[in-house]
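Presented below is the structure to which this report refers.
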Amino acid sequence: MDDFIIFTGNSNPDLADKICKYLNVSLGGAKVKTFSDGEIQIEIDENVRLKDVFIIQSTCSPVNDNLVELLLMIDACNRSSAKRITAVIPYYGYSRQDKKVAPRVPISAKLVADLLTVAGTKRVITMDLHAGQIQGYFNIPVDNLFAAPVIIEYINDNLMENLVIVSPDAGGVERARAFAKRLDADLAIIDKRRSAPNQAQAMAVVGDVYDKVAVILDDMVDTAGTLTEAADALKNAGAREVHASCAHPVLSGPAIERINASCLKSLVVTDTIPLNTHMKRCKKLKVLTISELVGEAIIRSHTGDSVTSLFV
């Protein structure tokens, strides 16, 4: 493993430590500091010349600081003659701004892809992109991993009695159908209408949820407005219990208060985004680690083995 090294910024050091523990390697030394005026200072303390470098950094809150940290670390390694730099981004920020939804707005997900490429990234490993077509915004290889194996294992072990998988909107039906098929469960859909960003109203339940254990499945939970509206709709339709699951616990604004006050029995998330002190006050949260999944993808990328076979 002499030609292989892992670094991380400040966004999710616990996940980076777990990945390194799984791979039985030490985390590369790097100083990631901030000048008094807010500028970020990067100093790589390892020799990366002709090495395969992996930089683990979720672009979660504070999004812009974490993104710039990642870009500067990539640039530092690129200027130090690294053989190949792979950006490992468990949560890809700005992914929801993947198209023009109004006149004179940016396609931010594409701009972030361009920034990563120009900085010197040769490959990206990410997880559960908000829209799969974001892979096409890059002119370099992208491995879009899925938290499905980890979440399905948990559901299988804890929530299998009379189960129905629920998509919170029409856009998530494909994901929910894939889960329902693998769990041999029923499928339901929430008819949702969004009035403004971060505001949604669940209108109706399509499918039979009466006296069933409903699991709402989404890629991320932000302010939890959609989630709690969906939970209420399912409960009103006769669901015995309502649980939820997502890969990315953004949980901003009033999310924790909404979840605590809702009829949800549990919210199962992964550690693509670390929980802050406020989030940890929510007793309904169950955090699963994706460290082994990401670690396996890293080593397969390094050795040239198939990453797709992880999900077959």
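Some observations on this one:
- Hey, Ile89 under 21 Å from the mean Cα position of the chain (by Cα) and closer than 16 Å to Phe138 by Cα or not: yes
- Ile56 being touching a strand residue (DSSP E or B) at 6+ places or on another chain (Cβ under 7 Å) and modelled with pLDDT of 95 or more: yes
- Extreme residue, surrounded by the most Cβ atoms within 10 Å (Cβ to Cβ), among residues of the range 132-168 that are among the hydrophobic types (A, V, I, L, M, F, W, C) and more than 27 Å from Asp305 (Cβ to Cβ): Val166
- Search result, residues across the range 22-37 that are of a type outside the set (Ser, Thr, Tyr) and surrounded by fewer than 14 Cβ atoms within 10 Å (Cβ to Cβ): Asn24, Gly29, Lys31, Lys33, Phe35, Asp37
- Residue identified as crowded, with 20+ Cβ neighbours inside 10 Å, without any contact (Cβ under 8 Å) to a residue 60 or more places away in the chain and either among the hydrophobic types (A, V, I, L, M, F, W, C) or in a helix (DSSP H, G or I) (or both) among Leu234, Leu227, Leu293, Leu275: Leu227
- Residue match in the range 62-82 (condition: touching a residue at least 40 places away in the same chain (Cβ under 8 Å), in a loop (DSSP other than H, G, I, E, B) and farther than 17 Å from Val118 by Cβ): no
- Residue in the range 223-243 that is touching a helix residue (DSSP H, G or I) at 6+ places or on another chain (Cβ under 7 Å), within 19 Å of Val150 (Cβ to Cβ) and not hydroxyl-bearing (Ser, Thr, Tyr) present: no
- When Ser306 is tested against (1) of a type in the set (Ser, Thr, Tyr); (2) modelled with pLDDT of 95 or more; (3) more than 19 Å from Ile56 (Cα to Cα), exactly one condition is not met: (2).
- Checklist (1) farther than 26 Å from Ala16 by Cα; (2) assigned to a helix (DSSP H, G or I) applied to Ile256, failing item: (1)
- Residue match in the range 64-83 (condition: closer than 25 Å to Phe146 by Cα and surrounded by fewer than 17 Cβ atoms within 10 Å (Cβ to Cβ)): yes
- Filter pass, Ile40 being among the hydrophobic types (A, V, I, L, M, F, W, C), in contact with a Ser or Thr (Cβ under 9 Å, 6 or more places away or on another chain) and surrounded by 23 or more Cβ atoms within 10 Å (Cβ to Cβ): no
- Scanning the range 237-253 for residues that are surrounded by 20 or more Cβ atoms within 10 Å (Cβ to Cβ) and either touching a residue at least 60 places away in the same chain (Cβ under 8 Å) or outside any loop (DSSP other than H, G, I, E, B) (or both) returns Ala239, Val242, His243, Ala244, Ser245, Cys246, Ala247, His248, Pro249, Val250.
- Residues satisfying the stated conditions in the range 84-133, i.e. modelled with pLDDT under 95 and outside any loop (DSSP other than H, G, I, E, B): Gly132, Gln133
The values are calculated or read from the model by the stated rules, or taken from the named source; none is laboratory data. Please read these numbers as outputs of a predicted model, since none were measured by experiment. Please note: Cβ atoms are built from the backbone with ideal geometry, for glycine as well, and neighbour counts cover all protein chains shown.
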